[in-house]
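Written out below as structure tokens is the structure these notes cover.
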Amino acid sequence: MRVLVLGAGQLARMMSLSSTHLGIEVLAYDVGTKQVINPVTLDVSNSTLAQEVERAYAITAEFEHIPDDVLAVCESSGKFYPGAQSIATGGDRSKEKALLDKSQVPCAPYALITEKSHFLAAVEQLGMPLVIKTCQAGYDGKGQWRLKSKDEVEQIWSEMASFIASGTHSAPHSIIAEKMIPFDREVSIIGVRSKDGECKVYPLTENQHTNGVLTLSVAGKEKAAIQSQAESAFEKLASALDYVGVLAIEFFDVGGQLLVNEIAPRVHNSGHWTQQGCHTSQFENHMRAITGLPVGCTQLVRPTAMINVLGQSAIPHSVLAVPGCTSHWYGKDAKPGRKMGHINVSAESLHQLGERLAELAELLPEDDYPGVQETSHALILN
């Protein structure tokens, strides 16, 4: 079987690496260069998008911001999963909020903004502080503002107005203002839904972000009550979208109540730990689902943490001396803040996971790998 992935980054690479043993060949379409490439070797093919759509058994995507013409070609083939509606919803916060409301899945109070009067009304109705996010083209903390006082209204509105004005009649731009709710932590759920509607969900993952970018995830800590909330949200949203494949949902945990922050219609950074922590990784399960194979077990095998490698030229080889540690490198050119790879570390207990993270903290500078030492202490004391 041949699968075509829209996008040629590390997620396409890991989908390919996870599925060769299933007899699945993966090619990727780079929407920037309009080239078809092998996402592992980076060899460029002479074939076109139309040719690969014709040859593919299934088509999927590694990100949400896909040009409309490319999305239309893939959707019309009848082979594209999770489908254009899911991709469009994940790439537009206004559509995402509408889906949450329709599915009765809770999120923070919000207001949609397309003009200044909407913004002023949101300030009065929701109060301050506000988190303000572009509905389109935002990722990894980009396209966001924090409004803390009325003195900032005019300056922030001028920046918002520029974004709204950059939209077109066929692709308008809008903004969401959300009430900033103090939360205890950020968590996410990764789940998979098959073509016949079967849902399997991975354990809830606790996440840490630095400057809007995920830096560390830990799986294996959660209790049944909060896990069931996340699973309920997954099943409602996946069913509403008639979803096929892996779907990620990020939440704020507010005193044990989960509020959706955003959804991602694809394999997700906060699920990379599944490569070593579960029987079947998120990458393999996504490929199984979109090709109609039975989805695999999502149960936790062992507590596992994932550490993002951001902007570094290499992962220190010394980390491989830490028991239960696996290094994953993406083979990209180093740039500040760029996701270059990740480190997974597993253990037989949360206490032992803390000890292994403490060993890693001795090898990984805090400035480059924030939160590793602090998380290690918390797990050891757990």
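Here are the numbers for the structure shown:
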| read-out | value |
| --- | --- |
| Full-stretch length increase - residue 120, residue 162 - with 0.36 nm per residue and alpha-carbon distance subtracted | 13.5 nm |
| Nonlocal Lys pairs with alpha-carbon distance under 30 Å, segment 185-381 (8 or more apart, or different chains) | 9 |
| Bridge type composition, the chain - antiparallel percent by DSSP, nearest 5 | 85 percent |
| Approximate shape of segment 109-179 as ellipsoid semi-axes (Cα gyration tensor, √5λ), whole Å, largest first | 19, 13, 11 |
| Built amide H within the under 5 Å cut-off of residue 215, gap 5+ | 208, 209, 210 |
| Cβ-placed point charges (K, R +1; D, E -1), dipole of segment 1-66 about Cα centre in debye, nearest 20 | 60 debye |
| Relative contact order (%) - criterion: Cα under 8 Å, at least six apart; region: the chain | 13 percent |
| Helical mean residue ellipticity (222 nm; -39500 (n - 2.57) per DSSP H run of 4+; nearest 500) of the chain | -9500 deg cm²/dmol |
| Residues 19, 174, 327, 117 arranged by fewest to most Cβ contacts within 10 Å | 117, 327, 174, 19 |
| Selection of GluC sites (Glu not before Pro), segment 161-270, meeting DSSP coil and at most 14 other Cβ within 10 Å | 198 |
| Segment 264-326-segment 23-83 distance, computed between alpha-carbon centres (Å) | 23 Å |
| Dipole magnitude of segment 1-119 about its Cα centre (Cβ charges: Lys, Arg +1; Asp, Glu -1), debye to nearest 20 | 220 debye |
| Long-range amide H partners of residue 26 with built H, under 5 Å | 3 |
| Sites residue 1 and residue 102 - FRET efficiency at Förster radius 30 Å, r taken between beta-carbons, to 0.05 | 0.30 |
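All of the numbers you see were taken from the coordinates with simple rules; none came from a lab. This is a predicted model, so every value here is computed, not measured. No Cβ is skipped: glycine too gets one built from the backbone with ideal geometry, and neighbour counts run over all protein chains shown.
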